[in-house]
Amino acid sequence: METLWLQAPHRRWNPLRREWVLVSPHRTQRPWQGQMETPAVPAPVTYDPTCYLCPGNMRANGEHTPQYESTYVFQNDFAALKQDAPQAQFDLGDGLLRAETERGICRVLCFDPRHDLTLATMEVEKIRNVVDMWTAQAEELGARPEIQYVQIFENRGAMMGASNPHPHGQVWATEHIPNEPLTELAAQKEYFAKSQKPLLATYLSTELEEDERVVASNETWAVVVPFWAVWPFETLLLPRRSVASFEDLSPEERDGLADILHTLAAGYNRVFDTPFPYSMGFHPAPSDGEPHPEWTLHAHFYPPLLRSATVRKFMVGFELLGSPQRDITPESAAATLRAVMQTS
Ligand code: H2U
Ligand code: ZN
């Protein structure tokens, strides 16, 4: 790729969200006198008596977390969605004031009984249990007729709003397809109708060929800093074989997923020599009863850190009001990430 002009301000197309991202590579040298975050400190103890996710402890609703040995799933005590919300809707003012009931299920997913571990420090065989838990949740919740989407995610670190360092994630299963996967659905459908190939399969082959933004890979998965990344160290995790859902993954692909998640999470921690905060989540195809040949299961990692353990990116000003914008190029972020992934 001819890249010299890419050192000047330019915009890049995100084909998955069908929107532009502004890239301003010359701005990386600007001085910073703004907010500094407190660096995240690793959770030191293997068991915390005040942690509601540690085995044997009490949760907010008075129930006890059992002495689980691998993974553990429970209904979120402060669920954002309820299964029994009354069915209603309204449409006022020529469609300008619309509302409707949204039913759903929210669960908390414990990755491991040990309080001090993370995907970066867990053994790959243990992460494989997490992959199996995600698959079982996606399968069970997705099979319910009232559920059209199963969103699995993890908030890691206080900077990203995680309430507790104990390794855990969440699943929110909803009656309607949420905004982000709905946007991705339209883009992938349009591309498939035109090319008879899944958008993300073609995208991954291009990235593997270019080999400039690939930061890690194994036999079944690859991680890239997407060409259109917004967050400084944003990555996209893609299967080498385009499958739509967790349930379609072979045992080898599940092993591979556990392996690459470990590589990625451990590599992230080496970027600034600090536990790297992020929000990550999987986008499987909607579970709306339709076939989804256009869809490729993938995961987005959105870490907020920009230049150090204490300087984060803010989505403000032009980004809120105009378009998302980034300073360091995706290629430069990929070079940084590739270097730390290879030291594992
Ligand atoms: P986060 O760390 O990503 O916020 O996830 C923790 C979830 O755990 C959060 O959604 C729930 C919160 O509602 N929770 C319980 O279900 N029971 C508790 O006793 C405390 C927190
Ligand atoms: Zn704990």
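The values are calculated or read from the model by the stated rules, or taken from the named source; none is laboratory data. Keep in mind that this is a model prediction, so the values were computed, not measured. Note that each Cβ is placed from the backbone with ideal geometry, even for glycine, and that neighbours are counted across all protein chains shown.
If the condition is being basic (Lys, Arg) and within 21 Å of ALA80 (Cα to Cα), then region 105-146 contributes ARG107, ARG144.
Here is a yes/no grid of residues against (1) surrounded by 21 or more Cβ atoms within 10 Å (Cβ to Cβ); (2) among the hydroxyl-bearing types (Ser, Thr, Tyr); (3) farther than 21 Å from ASP248 by Cα; (4) more than 13 Å from ligand 1 (Cβ to nearest atom):
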{"position": "ASP112", "(1), (2), (3), (4)": "yes, no, yes, yes"}
{"position": "VAL124", "(1), (2), (3), (4)": "no, no, no, yes"}
{"position": "MET133", "(1), (2), (3), (4)": "no, no, no, yes"}
{"position": "GLU139", "(1), (2), (3), (4)": "no, no, no, yes"}
{"position": "GLU146", "(1), (2), (3), (4)": "no, no, yes, yes"}
{"position": "ILE152", "(1), (2), (3), (4)": "yes, no, no, no"}
{"position": "GLY169", "(1), (2), (3), (4)": "yes, no, yes, no"}
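Tell me, which residue of region 55-93 that is among the aliphatic types (A, V, I, L, M) and within 9 Å of ligand 1 (Cβ to nearest atom) is surrounded by the fewest Cβ atoms within 10 Å (Cβ to Cβ)? Among them, the one singled out is ALA60. Taking the criterion of being away from ligand 2 (no atom under 16 Å from the Cβ), within 26 Å of PRO55 (Cβ to Cβ), of a type in the set (A, V, I, L, M) and modelled with pLDDT under 95, the only residue of region 141-185 that qualifies is MET160. All conditions in (1) modelled with pLDDT of 95 or more; (2) away from ligand 1 (no atom under 16 Å from the Cβ); (3) at negative phi hold for ARG18, with the sole exception of (3). With respect to the stated conditions, THR220 fails to be modelled with pLDDT of 95 or more, β-branched (Val, Ile, Thr), touching a strand residue (DSSP E or B) at 6+ places or on another chain (Cβ under 9 Å) and under 23 Å from GLU319 (Cα atoms).
Restricting attention to region 94-110 and to residues that are surrounded by fewer than 16 Cβ atoms within 10 Å (Cβ to Cβ) and charged (D, E, K, R), the residue that is nearest to VAL171 (Cα to Cα) turns out to be GLU102. Residues that are within 16 Å of ligand 1 (Cβ to nearest atom) and farther than 23 Å from PRO239 by Cα occur in region 174-197; there is at least one.
Any idea which of (1) assigned to a loop (DSSP other than H, G, I, E, B); (2) out of contact with any Pro (no Cβ under 7 Å at 6 or more places or on another chain); (3) within 16 Å of ligand 2 (Cβ to nearest atom) is the one LYS197 doesn't satisfy? For LYS197, the failing item is (3). Among residues of region 54-79 that are touching a residue at least 12 places away in the same chain (Cβ under 8 Å) and within 10 Å of VAL108 (Cβ to Cβ), those with a Cβ under 6 angstrom from a residue that is in a loop (DSSP other than H, G, I, E, B) and among the small types (Gly, Ala, Ser), sequence gap 6+ or separate chain, pair up as ASP77/ALA60. Can you say whether ARG98 is on the phi < 0 side of the Ramachandran plot, within 13 Å of ligand 1 (Cβ to nearest atom) and not aromatic (Phe, Trp, Tyr), as far as the supplied structure shows? Answer is no for this residue.
Looking at GLU294, GLU290, which is the one that is among the acidic types (Asp, Glu) and buried (at least 22 other Cβ atoms within 10 Å of the Cβ)? Of GLU294, GLU290, the one residue that is among the acidic types (Asp, Glu) and buried (at least 22 other Cβ atoms within 10 Å of the Cβ) is GLU294. Of the residues making up region 219-268, those that are more than 22 Å from ILE328 (Cα to Cα) and of a type in the set (Phe, Trp, Tyr) number 2. A search for C-beta distances below 8 Å between a residue of region 96-117 that is within 30 Å of THR46 (Cβ to Cβ) and among the aromatic types (Phe, Trp, Tyr) and any residue that is more than 10 Å from ligand 2 (Cβ to nearest atom) and in a strand (DSSP E or B), counting only pairs 6+ apart in sequence or on different chains, returns PHE111/GLY169. Restricted to strands (runs of 3 or more DSSP E) entirely inside region 43-124, those with at least 1 residues that are touching a helix residue (DSSP H, G or I) at 6+ places or on another chain (Cβ under 9 Å) are 72-75, 104-110. If you take the residues in region 80-105 that are farther than 18 Å from GLU140 by Cα and hydrophobic (A, V, I, L, M, F, W, C), which one is modelled with the lowest pLDDT? Restricting to residues being farther than 18 Å from GLU140 by Cα and hydrophobic (A, V, I, L, M, F, W, C), the top hit is ALA85.
When region 75-106 is filtered for residues that are among the charged types (D, E, K, R) and more than 16 Å from ligand 2 (Cβ to nearest atom), the ones remaining, listed by number, are LYS82, ASP84, ASP91, ASP94, ARG98, GLU100, GLU102, ARG103.
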